[in-house]
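The structure appears right after this line, and notes come after that.
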Amino acid sequence: MPTHTPSRHGPRRTAVAVATASLTCGALLAGASGSLAAPPGSYVVKGVDTSHHNHDATGKSIDWQRVAGNNHFAFLKATQGTGYKDPWFARDFKAVSATPLLRAPYHFFDPKGTKDGAAQADHFIRTARAAGYTGARAGELPPVLDVETVWVNKKEVCPKALRSDQLGVFLKRVKSAFRVTPVVYTRASFVKECMGGNGQVLKGYPLWLARYGSDASEPQSVPGAGSWTFWQYTESERIPGMPAKEGAVGTADRNVFRGTLGQLRAMANLGGTPMPQPPDSWPVVKSGQRGVDVTTVQLLLTAQGHTTAADGVFGPGTAAQVKAFQRANGLTADGVVGSDTWAGLVVTVRSGSSGPAVEALQRQLTDNGYPATADGVFGPATATQVKAFQKAAHLTADGVTGARTWAALVAH
């Protein structure tokens with residue numbers, strides 16, 4: 001399979017990306033079958049992505065009004081690593097914002113240390129805001145994280161300092177800043193080669209996947225994260241409005257959106273028809289795991305009358321209580337919390353509710369980038385954060401946390 005060449009994203013190395021503004025589209029498309037694949041030409045909603053490389057040969061500006069004549073959206077490189085700013089980003093974002101093109105900035109993840117996810121996120125957030133991007137204005141698509149190979153000594157290699165947890169830190173920080181679920185640009189082969197084949201950290205984020213020269217074969221699904229919402233199918237399509245030498249038509253990366261224009265407009269704060277809701281998708285939580293999902297299970301068990309220490313560690317005590325809950329509810333008593341067990345565990349909570357289920361909700365909100373004091377009391381502040389999360393996830397923003405909101409929270 002042809003591989004994506006990342007040079008068009010990063011600065012020429014001196015030294016990942018969109019479907020819906022929620023986790024719902026990524027989940028919706030995750031089950032798509034390769035037998036249903038269609039060639040890029042069969043998709044009618046198309047767009048471009050650019051960086052300074054589109055200007056390097058000529059030093060000329062892009063004629064964004066002409067680009068808008070044959071495209072619906074544009075992704076613009078803003079930053080890379082913790083300090084690099086694309087020299088054309090501010091100018092291009094201002095110019096593209098004056099056209100009908102739906103638009104968003106992207107950040108190229110370039111770790112120089114194993115704990116710089118937050119610093120990269122902050123650099124991206126500052127730069128995007130300085131250019132006028134808010135994530136909430138009409139026409140603005142969700143921000144994008146670009147995670148792929150880098151160039152070292154003229155070779156394409158996995159980023160040495162790449163750590164999945166730092167991708168999670170970046171995504172949560174950007175989501176919290178712009179109040180919208182980011183898109184992730186990558187490819188299945190990168191996850192297999194550079195992330196040990198585990199893309200779980202990207203689950204719930206709309207995916208923009210690269211695959212070139214693939215005719216009717218769409219990009220492969222990302223292990224642990226699902227299928228594509230945007231497909232970058234070429235890096236060299238002639239696009240009227242792109243600068244080129246001697247008056248020729250310049251080339252650029254070309255992409256398609258796996259949905260209708262109305263659905264894309266809904267992502268860009270312009271009304272339209274949101275992507276349809278998928279079936280609820282729940283993570284599998286089992287012995288040996290740690291973290292906020294385990295704490296959520298423990299608190300929900302307690303709320304259901306199976307008192308469990310909320311220490312975030314899925315040990316023998318938690319396993320025993322899960323099995324007891326499963327037996328009491330006619331479920332397979334295997335101690336594994338899958339979709340059936342989740343569906344039985346979750347409790348609908350709303351303003352005025354209190355107890356361990358509310359504390360579980362508050363912990364999940366905070367982990368998703370919507371900080372809430374974990375006091376077990378569903379007051380006005382918690383209601384505000386629930387509604388903000390629901391809005392970003394394209395759920396009914398009524399502040400009532402039922403099964404679909406729980407599923408969206410734990411599937412991040």
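Only the coordinates and a few stated rules stand behind these numbers; no lab work does. Everything numeric here is computed off the predicted structure, so don't read it as measured data. Positions of Cβ are generated from backbone atoms using ideal geometry, with glycine treated the same way; all protein chains shown enter the neighbour counts.
Applying 1/(1 + (r/R0)^6) with R0 = 22 Å to the Cβ-Cβ distance of ALA309 and GLN200, what FRET efficiency is obtained, to the nearest 0.05?
Efficiency computed from Cβ-Cβ geometry: 0.30.
What distance in nm separates the simple spin-label points at THR260 and ARG129, each placed 7 Å from Cα in the Cβ direction?
In this crude spin-label approximation the distance works out to 3.7 nm.
Taking loop as defined by DSSP and a crowding limit of 15 other beta carbons within 10 Å, which trypsin sites (Lys or Arg not before Pro) in segment 127-221 fit?
ARG137, LYS154, LYS160
For the chain, what is the calculated [θ] at 222 nm in deg cm²/dmol (nearest 500), taking -39500 (n - 2.57) for each run of four or more DSSP H residues and dividing by its residue count?
Taken over the chain, the calculation gives -9000 deg cm²/dmol.
Given LYS77/LYS175; LYS115/LYS175; LYS115/LYS160; LYS154/LYS175; LYS175/LYS387; LYS46/LYS155, which pairs have Cα atoms separated by over 22 Å?
LYS154/LYS175; LYS46/LYS155
Calculate one ³J(HN,Hα) per residue across segment 189-198 by plugging θ = phi - 60° into the Karplus curve 6.51 cos²θ - 1.76 cosθ + 1.60, and present them in order as whole Hz with x for glycine and proline.
Those phi angles translate into 5, 5, 4, 5, 7, 10, 10, x, x, 10 Hz.
Between THR58, THR234, LEU299, whose Cα lies farthest towards the positive end of the dipole of the chain when Lys and Arg beta carbons carry +1 and Asp and Glu beta carbons carry -1, centred on the Cα centre?
Result: THR58.
Starting from the Cα of THR114, step 7 Å along the direction of its Cβ; do the same at SER287; then give the gap between the two resulting points in nm.
2.9
So, counting K/R as plus one and D/E as minus one, what does the shell of residues with Cβ under 12 Å around GLY224 add up to?
Charge balance near GLY224 sits at +2.
Roughly what % of DSSP beta bridges within the chain run antiparallel, to the nearest 5?
45
Under a Cβ-only charge scheme (Lys and Arg +1, Asp and Glu -1), can you give me the dipole magnitude of the chain about the Cα centre, in debye to the nearest 20?
The dipole of the chain has a size of about 680 debye.
Show which lysines lie in cross-link reach of LYS245 when reach means a straight Cα distance below 17 angstrom and same-chain residues fewer than eight apart are skipped.
LYS60
ASP56 to VAL377: extension gain in nm, 0.36 nm per residue of separation minus the Cα-Cα distance?
That works out to 109.9 nm of additional length.
For the chain, with the dipole built from +1 on Lys and Arg beta-carbon atoms and -1 on Asp and Glu ones, taken about the Cα centre, which of LEU365, ASN198, TYR185 lies farthest toward the positive end?
TYR185
Taking Rh as the Kirkwood radius computed over C-alpha pairs, what is the Stokes-Einstein D of the chain at 10 °C in a medium of viscosity 1.306 mPa s, expressed in µm² per second?
Answer from the Stokes-Einstein relation: 72 µm²/s.
Stretched out fully, how many nm does the piece from ALA397 to SER42 gain, at 0.36 nm a residue minus the Cα gap?
This chain segment gains 124.3 nm when fully extended.
Treating the beta-carbon of each Lys and Arg as +1 and of each Asp and Glu as -1, no other charges, what is the dipole magnitude of segment 231-380 about its Cα centre, to the nearest 20 debye?
It works out to roughly 180 debye.
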